[in-house]
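Have a look at the structure below, then the notes.
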Amino acid sequence: MEESLLWKKSAKELITLLKNKSISPAEALNANLDRIKETHEDINAVVTICEERAKSKIKELQADAPDLPGYLHGLPVLIKDLTEVKDVKTTFGSKIYENNVSTHSDFLVEKIEKMGGIVLGKTNTPEFGAGSNTFNEVFGITANPWNIAYTAGGSSGGTASALAAGAAWLGTGSDLGGSLRNPASFCGVVGLRPTIGTVAHGPTNLPFNDLSVDGPMARNVEDISIFLDTMSGLDSRDPLSSKKTNQSFQEEIYKEKSGLNIGVTDDYNMLACHPEVRESINHAEKILKQMGHNVTRISPDFTHAEETFQILRAHLLSSGKRSLYESHKDVLKEDLRLNIEKGMKLQVSEIDKAKIFRGDIINKTNVFFKEFDILIAPSSMVPPFDKNTLWPEKVEDKTFDNYVSWLMTAATISITGCPALAVPCNFSSNNLPIGIQIVGQRRQEAMILNLGYHFEKQTKSNNLLPIDPIK
């Protein structure tokens, strides 16, 4: 097998080759390194490479690997630069940590390595993951491989861009207000925001944070189901971590299902939505009907969603970043600094109100899922935009004065705690990907992955990637 061709294959194909010893982990590593070098100048996605560490981990890898769902058999994996990897530079996209080398690995990284994954490098992210356009003062801007003049989204934009360009087979992301789903949509790949606790996270000074989660990204649903099998499971060090069921997510996706009750919305009856994104939802609705599902235009009542998210997000940032703000506030980018300051000024009554609003939203979402199996919505309010634009300031007739409001298509789902899978749907008028999110009840990752897999087959989007960066 020629190393020069390996980047074009799926993660499943690579894992099969590795398992059968048709290729070695070293060959997979070299192929990955070559592709990163070929694409880096154009997309700037993989910003730190730990080649020697990866080679050392390959030597430690047992020859007879356990036959477990999700075992990676020496497949190289990329990690978002918000996640600690021992002995590797972790900058969090901030000049403050430009030369920081991690002394420990996140629980997630430990699990990936235990399951036969080889960490090869770190992917770009905005400073501390704040924002949905991936740029920072340490590494610069990450571009969208479909057109390098456009943004890859964020904050997991580095991972999404690398996947689309064949510079990765699998990569991690994190999601507070859409940071797995937005870049997946913009780059034509797949990102899963799992139910909190499905993927263990830590160590952290906020172990009961249930708004931000880590999750897998891949080129297609089949690959992401393998990676979720790799990442998920109980870790007693994380108090929110949950035990994995006996099911294999990969096995679940192949089951044929029809007659699901699916609710479809483009704006939750309250948000702005770009016309091309509305048309994308119309297209998805037609596909779902062709697949034999019962489709209804409807949305849960998400009243007060933005107020709730803005308050809880600001409170989370101020809680976790207060000491950093106090020592480095003049260095932090303005949007992040203002968010932290907003959180520091919040009154207890405002936080209490937001928690009550969130409870009401969750209750109404639970009622929705008594009648419907799935909710379909856009992954992002807009198609990809110019990479030098910080964030969209106007969509339809709504003008935004902050960089969070335009993210509410994804952030609204974050409030519910429900899992959401972003999959490609169609393309904008300038040939950039537009994705949808498939939302299910909590702990129903298998159901949304199953629908995503069959939707992907129907749209043939699993055959789109990887691509050479387009200038």
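Assorted remarks:
- Working from label points 7 Å from Cα in the Cα-to-Cβ sense, the LYS460 to GLU276 distance is 2.1 nm.
- Working note: Karplus 6.51/-1.76/1.60 with θ = phi - 60° gives the range 348-355 the couplings 4, 5, 5, 5, 4, 4, 5, 5 Hz, where Gly and Pro are set to x.
- Expressed to the nearest 5 percent, the antiparallel share of DSSP beta bridges inside the range 3-463 is 70 percent.
- Loop-located GluC sites (Glu not before Pro) in the range 325-423, at most 10 other Cβ atoms within 10 Å (DSSP): none
- Cross-link pairs beyond the 25 Å C-alpha cut-off, checked among LYS12/LYS86; LYS114/LYS244; LYS8/LYS457; LYS387/LYS471; LYS364/LYS460; LYS286/LYS457: LYS12/LYS86; LYS364/LYS460
- Positive-end residue, the range 3-463 charge dipole about Cα centroid, Cβ charges, pick of ALA200, THR308, VAL264: ALA200
- Ranked list, fewest to most other Cβ atoms within 10 Å of each Cβ, for HIS315, HIS293, HIS283: HIS283, HIS315, HIS293
- Here the dipole of the range 8-89 is about 180 debye; that uses its Cα centre as origin and unit charges on the Cβ of Lys and Arg (positive) and Asp and Glu (negative).
- Near ILE438, the amide H atoms lying under 5 Å from its own belong to LEU421, ALA422, VAL423; only residues 5 or more places off or on other chains count, and H is placed 1.01 Å from N.
- Span from the the range 437-467 Cα centroid across to the the range 101-158 one, whole angstrom: 22 Å
- Only Lys, Arg (+1) and Asp, Glu (-1) charged, at Cβ; the range 3-463 dipole about Cα centre in debye: 580 debye
- Straight-distance crosslink candidates among lysines, where the alpha carbon sits under 16 Å from LYS89 and sequence neighbours closer than 8 are dropped: LYS80, LYS122
- Relative contact order for the chain, counting Cα pairs under 8 Å that sit 6 or more residues apart, in percent: 18 percent
- In the chain, the sites counted are chymotrypsin sites (Phe, Trp or Tyr not before Pro) in DSSP loop states with at most 15 other Cβ atoms within 10 Å, and the longest stretch holding none of them, exclusive of the sites, is 255-471.
- The range 97-170 - percent relative contact order, Cα under 8 Å, separation 6 or more: 24 percent
- 5 angstrom amide H check on LYS387, placed H, neighbours 5+ away: TYR150, THR151
- Under 14 Å from LYS19, Cα to Cα: aspartates and glutamates that are on another chain or at least 8 residues apart: GLU27, ASP64, ASP67
- Gyration tensor verdict on the chain (Cα atoms; rounded if a/c is under 1.5, prolate if a/b is larger than b/c, oblate otherwise): rounded
- Inter-part distance where the range 290-358 and the range 1-41 are each reduced to a Cα centre, Å: 40 Å
- Based on DSSP H segments of at least four residues, each scored -39500 (n - 2.57), the chain has a per-residue ellipticity at 222 nm of -12000 deg cm²/dmol.
- Shown for ILE112, ILE356: other C-beta atoms within 10 Å of each C-beta, ranked fewest to most, produce the order ILE356, ILE112.
- For the range 202-212, the Karplus equation 6.51 cos²θ - 1.76 cosθ + 1.60, evaluated at θ = phi - 60°, returns couplings of x, x, 8, 7, 10, x, 9, 5, 10, 9, 9 Hz by residue, with Gly and Pro reported as x.
Computed from the coordinates by the stated procedures, all read-outs in this text should not be read as laboratory data. From a predicted model like this one, the values you see are computed outputs, not experimental measurements. Cβ atoms come from the backbone with ideal geometry, glycine included; neighbour counts cover every protein chain shown.
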